[in-house]
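Working notes, structure below.
The values are calculated or read from the model by the stated rules, or taken from the named source; none is laboratory data. Treat the numbers as computed from the prediction; the structure is a model and nothing was measured. Ideal geometry is used to build each Cβ from the backbone, glycine not excepted, and the neighbour counts take in all protein chains shown.
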Amino acid sequence: MPDTPAVHVGPGERKDLEEAVRRAGGRVTALDDADAVVWAAGPGELPDLPDSVRWVQLPSAGIESWFSAGRVDRDRTWTSAAGAYSEAVAEHAVALLLAGVRGLAFSARARTWDAEASAAPQTTLRGSTVAIIGAGGIGRAMIPALTALGATVLAVTRRGRDVPGAAETLPADRVEEVWGRADHVVLAAPATSGTKALVGAEQLAALGPRGWLVNIARGSLVDTGALADALSRGAIAGAALDVTDPEPLPDDHPLWSEPRALITPHVANPPQLQTGGLAARVGENVRRFAAGEELVGVVDVDAGY
């Protein structure tokens, strides 16, 4: 590894990322001379990489589009931004869950202060069990807030290693157990072939009529038809979604008029909150690259994230 890595930042001029490279001991260079690339756009804009590039930093935590485009190879190390935006997304997830259990999905639609509006169904997180499926950076950032509100957290991770703050951690191959044990479920897992339609009619039925489903991961994790049906029948208390399938959700989709659905338009990680998180990740990884240390957010090519 070079002591002063040559890093290409693109596309165009990104002064914040270039400054992060320099502060970490790297130098910004043209692509043809680069040891590493920091890329702040999508896979379609990334040019062919010279053989000298040994590491590519991607701008997003979810990188399924990079695999779909065939851009992630085994010739170099790729790192995602997984964990770089955890606090912002975790905050949004907790806000969605609180809004759901406290009846805001109903009250926010009211146009008069009448008995119906004041009778919006409400419960509390205190004393409840919240399962986080995919307890990585975002899920772990949620746990202190949830436990402070009096909830017990059941975490699901790929291998089932203990997650700090969770009462119990289950491996991914036992995920079906959480639906009957949790009062509410938050989806924070990556989108892979193994998580596609992870939530269907059977899982929603097991969650039951008092449970809220929160999805801040990817819309593909949920069978949208099964969810719309469960909501219309009151099979679950509600769903709070920052992501949908399809996305964007068509204007005439029934979920928009479903009183048990609370939808935000994929804004858990808004642009104004992304810049600092990505710059911090770039700086840390440039420092590690220069020192020959393991990088943060290394992509597992076989797992797809």
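Data for the structure
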{"read-out": "Sole exception among (1) surrounded by fewer than 18 Cβ atoms within 10 Å (Cβ to Cβ); (2) closer than 22 Å to ALA189 by Cα for PRO59, by number", "value": "(1)"}
{"read-out": "ASP48 vs. criteria assigned to a loop (DSSP other than H, G, I, E, B), without any contact (Cβ under 8 Å) to a residue 24 or more places away in the chain and of a type in the set (D, E, K, R)", "value": "yes"}
{"read-out": "Single residue of the range 1-45 satisfying the filter (in a loop (DSSP other than H, G, I, E, B) and of a type in the set (Asp, Glu)) that is nearest to the chain's Cα centre (by Cα)", "value": "GLU13"}
{"read-out": "Pair list, Cβ < 9 Å and 6+ apart or interchain, from the range 90-111 residues that are over 24 Å from ALA131 (Cβ atoms) to residues that are among the hydroxyl-bearing types (Ser, Thr, Tyr) and assigned to a helix (DSSP H, G or I)", "value": "SER107/SER118; ALA110/SER118"}
{"read-out": "Neighbours by Cβ (under 6 Å, 6+ apart or cross-chain): first from the range 288-305, at pLDDT 95 or above; second of a type in the set (Phe, Trp, Tyr)", "value": "PHE289/TRP55; VAL299/TRP78"}
{"read-out": "Pairs, first assigned by TED's automatic domain parsing to the domain that holds GLU168 in the range 120-145, second outside any helix (DSSP H, G or I) and among the aromatic types (Phe, Trp, Tyr), C-beta under 9 Å, six or more apart", "value": "THR123/TRP212; GLY137/TYR85; ILE138/TYR85"}
{"read-out": "GLY180 being modelled with pLDDT of 95 or more, small (Gly, Ala, Ser) and buried (at least 17 other Cβ atoms within 10 Å of the Cβ)", "value": "no"}
{"read-out": "Unmet requirement for ARG102, which otherwise passes all of (1) of a type in the set (Lys, Arg); (2) more than 25 Å from the chain's Cα centre (by Cα); (3) assigned by TED's automatic domain parsing to the domain that holds SER193", "value": "(2)"}
{"read-out": "Which numbered condition LEU273 fails, given (1) modelled with pLDDT of 95 or more; (2) aliphatic (A, V, I, L, M); (3) part of a helix (DSSP H, G or I)", "value": "(1)"}
{"read-out": "Residues of the range 199-217 satisfying the condition of being under 23 Å from GLY62 (Cα atoms) and surrounded by 22 or more Cβ atoms within 10 Å (Cβ to Cβ)", "value": "VAL199, LEU213, VAL214, ASN215, ILE216, ALA217"}
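To keep it simple, each residue is scored yes or no on (1) crowded, with 19+ Cβ neighbours inside 10 Å; (2) part of a loop (DSSP other than H, G, I, E, B); (3) not assigned by TED's automatic domain parsing to the domain that holds ALA95.
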| position | (1), (2), (3) |
| --- | --- |
| ALA239 | yes, no, no |
| ASP252 | no, yes, no |
| TRP256 | no, no, no |
| ALA279 | yes, no, yes |
